[in-house]
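As structure tokens, the structure follows; a few thoughts come after it.
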Amino acid sequence: MKISSLQSARYEYSPKLPGMLRHGIANIGVQEGEETQSAADQEVIKRLFPNTYGKKEITFVQGENTAETKKQVVGVILSGGQAPGGHNVICGLYDALKAANKENVLYGFKNGPIGLIEDDYLIFDDAYINQYRNTGGFDIIGSGRTKLETSEQFAIVADVCKKHGITAIVIIGGDDSNTNAAVLAEYFAAHDTGVQVIGCPKTIDGDLKNEDIECSFGFDTATKTYSEIIGNIERDANSAKKYWHFIKVMGRSASHVALECALETQPNICLISEEVSEKKMSLSQIADYIADSVEKRAAKGMNFGVAIIPEGVVEFVPEFSALIQEINELLAGSKADAFNALATWSEKYAFIEQGLTKESMGVFAILPENIQQQLFLERDPHGNVQVSLIESEKLFSALVKDKLDERKKAGTYKGKFSPLHHFLGYEGRCAFPSNFDSDYCYSLGYNAFMLIQYGYNGYLSKISNLSKPASEWTAGGMPITKMMNIERRHGEDKPVIKKALVELDGKPFKFFEAHREEWAVETSFVYPGAIQYYGPAEVCDITTKTLALEHAE
């Protein structure tokens, strides 16, 4: 297999561990903190997790290792979408296992949770794992989106663990995957299997965080990758001076990616879904907001600009959410067959017009025809509109064009508006991890082994103080149930990890809010450039603007 020069060099990079994990496994002690309770719905969560609820947070410290000495056979899975650094979680876990006892074994179950159910695995050795150190992607064992949530599935997983003598499972995933990890941990405890479950916080969307989890892994690399591209586009816009670039970025449920990219690159416009929801902004109001920037810049001779659009912003527009709900009802059951049987778009349009309320039809009518049709094409397994497939960057540029055409007729706008469109998604999910993510992920995996060795179950691997140099990071664990609340999912109340949205009173948003009026009119672009791996720490090891602002002293 041919490899690039960077890939070869990255194999040799030695990730930095938190200070207390650098003393050798025999010299890592544990300090227990206070008992915990869930983020909300405490009585319900406690009832659902009687064996794993209320456990203590723990911190590893320099001291005598008092854990029971025994051979560990650990299984690991990657769950959900890719995020840079996943390979290093596995490498850190493997290295800690082998450092503790050369006889310890690490099983990699293939293609996500389905690998556990189908008993499809490989056993890691040095030669295999060394090919993946400090590299992007999840191709080391593959990933998948199968959910572990039924008693039947848990029983199968328990049998697979028993067959191989597995003592612990490490689940590397996002909020849903770690919710499943907590439920699996509870099942294992209730059935006295002796198998522990440890989670590791992954998602480039940045919405798996709280007072304990300062950021999920992959967010740093993905946002730096997107910001490099956005910076390149900004520089092109400032060179050609004739295009408005509408750039959609990942983040369906939260706008952390969009906000971080805005802080990195200082575009003219960045929509924040949580603010759209808070202010109950309509599509028309959002279009006017962007058009104001276009008009003011045009008046200064600048017929170009950059707008960042979060992937899921349309779901936060109240009138659009109401429209989606009505469309889902309109096409429920056999009515979908009647709609699909219609031959032309004009016939389908008439069907839609008869089925929607006047208010929702008013919203539907202002949408460009290609967006209208997208709402009636792909459906999810439950028959609902797949909002993430809507090309919101094209939607807003079309709505802005309509606003500008009106202003031209009124004589208030005399500029030119030539939009271009981009979607930054897969480009960031498997990028070479930054030094920060390489270090953070390796530490998460190494720390996961420490949690296993000390016998913890239903815990999330936790590395803190991340805005400081790695030597000052702290390591420990928190019960996954601490992050949980009850939410309505598919008509049922379910225990789930609470998603973290952008806080409108938080320091990152407040910094953005204080500067965006200037950025909207002036050309204040910043060009971050490519991720740097070798050189001064202040260039190579910098973390996100979000984390720096949140922990500014």
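The values are calculated or read from the model by the stated rules, or taken from the named source; none is laboratory data. Quick caveat, the model's predicted, so the values are computed rather than measured. With ideal geometry, Cβ positions are generated from the backbone for all residues, glycine too; neighbour counts draw on all protein chains shown.
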Under 8 Å by Cβ, and 6 or more places apart or on different chains, what pairs join a residue from region 265-278 that is in contact (Cβ under 8 Å) with a residue 24 or more places away in the chain with one that is of a type in the set (Phe, Trp, Tyr) and outside any helix (DSSP H, G or I)?
265/525; 265/527; 266/525; 267/525
Residue 118, sole failed condition from (1) surrounded by fewer than 19 Cβ atoms within 10 Å (Cβ to Cβ); (2) in contact (Cβ under 8 Å) with a residue 12 or more places away in the chain; (3) not β-branched (Val, Ile, Thr)
(2)
Any residue at all in region 304-322 that's in contact with an Asp or Glu (Cβ under 8 Å, 6 or more places away or on another chain), over 20 Å from residue 414 (Cα atoms) and among the charged types (D, E, K, R)?
yes
Among the residues of region 121-151 satisfying the criterion of being small (Gly, Ala, Ser), in contact (Cβ under 8 Å) with a residue 60 or more places away in the chain and out of contact with any strand residue (DSSP E or B) (no Cβ under 9 Å at 6 or more places or on another chain), which is surrounded by the most Cβ atoms within 10 Å (Cβ to Cβ)?
136
Look at region 76-105 and say how many of its residues are at pLDDT 95 or above, farther than 14 Å from residue 130 by Cα and surrounded by fewer than 24 Cβ atoms within 10 Å (Cβ to Cβ).
8
Looking at (1) farther than 15 Å from residue 283 by Cβ; (2) surrounded by fewer than 20 Cβ atoms within 10 Å (Cβ to Cβ), find the lone condition where residue 385 falls short.
(2)
When region 410-440 is examined, which residues are found to be in contact with a Pro (Cβ under 7 Å, 6 or more places away or on another chain) and closer than 14 Å to residue 543 by Cβ?
433, 437, 438, 439
Examine region 358-370 for a residue that is without any contact (Cβ under 8 Å) to a residue 60 or more places away in the chain and among the acidic types (Asp, Glu), and state whether such a residue exists.
yes
Could you check, for region 43-56, whether at least one of its residues is in contact with a Cys (Cβ under 9 Å, 6 or more places away or on another chain) and either more than 26 Å from residue 218 (Cβ to Cβ) or of a type in the set (Ser, Thr, Tyr) (or both)?
no
For residue 236, which of the numbered conditions (1) in contact (Cβ under 8 Å) with a residue 60 or more places away in the chain; (2) within 30 Å of residue 529 (Cα to Cα); (3) surrounded by fewer than 22 Cβ atoms within 10 Å (Cβ to Cβ) fails to hold?
(1)
Would a scan of region 152-162 turn up a residue that is in contact with a strand residue (DSSP E or B) (Cβ under 8 Å, 6 or more places away or on another chain), of a type outside the set (Val, Ile, Thr), over 19 Å from residue 456 (Cα atoms) and in contact (Cβ under 8 Å) with a residue 40 or more places away in the chain?
no
Only one of these is modelled with pLDDT of 95 or more and of a type in the set (Val, Ile, Thr): 486, 452, 497. Name it.
452
Checking the condition acidic (Asp, Glu), surrounded by 12 or more Cβ atoms within 10 Å (Cβ to Cβ) and farther than 30 Å from residue 145 by Cβ, which residue from 393, 369, 359 passes?
359
Residue set 16, 56; condition modelled with pLDDT of 95 or more, of a type in the set (Lys, Arg) and in contact with a strand residue (DSSP E or B) (Cβ under 6 Å, 6 or more places away or on another chain); output residue 56
Top-ranked residue in region 57-69 [being assigned to a strand (DSSP E or B) and touching a residue at least 60 places away in the same chain (Cβ under 8 Å); ranked as surrounded by the most Cβ atoms within 10 Å (Cβ to Cβ)]:
60
If I ask for residues that are among the acidic types (Asp, Glu) and under 18 Å from the mean Cα position of the chain (by Cα), which ones from region 434-457 would you list?
437
Here the residues within region 1-50 that are of a type in the set (Lys, Arg) and either assigned to a loop (DSSP other than H, G, I, E, B) or farther than 24 Å from residue 440 by Cβ (or both) are 2, 16, 22, 46, 47
Matching residues in region 25-53 - criterion: being charged (D, E, K, R) and surrounded by 14 or more Cβ atoms within 10 Å (Cβ to Cβ)
41, 46
If I ask for residues that are in contact with a helix residue (DSSP H, G or I) (Cβ under 6 Å, 6 or more places away or on another chain) and either of a type outside the set (Val, Ile, Thr) or exposed (fewer than 14 other Cβ atoms within 10 Å of the Cβ) (or both), which ones from region 516-528 would you list?
520, 525, 527, 528
Please work out if residue 471 is hydroxyl-bearing (Ser, Thr, Tyr) and under 19 Å from the mean Cα position of the chain (by Cα).
no
For region 299-317, which positions are in a helix (DSSP H, G or I) and either surrounded by fewer than 20 Cβ atoms within 10 Å (Cβ to Cβ) or among the β-branched types (Val, Ile, Thr) (or both)?
299, 313, 314
Looking at region 285-298, which of its residues are over 26 Å from the mean Cα position of the chain (by Cα), within 18 Å of residue 393 (Cβ to Cβ) and either in a loop (DSSP other than H, G, I, E, B) or touching a residue at least 40 places away in the same chain (Cβ under 8 Å) (or both)?
287, 288, 290, 291, 293, 294
Give me a count of the residues in region 394-432 that are under 26 Å from residue 134 (Cα atoms) and assigned to a helix (DSSP H, G or I).
4
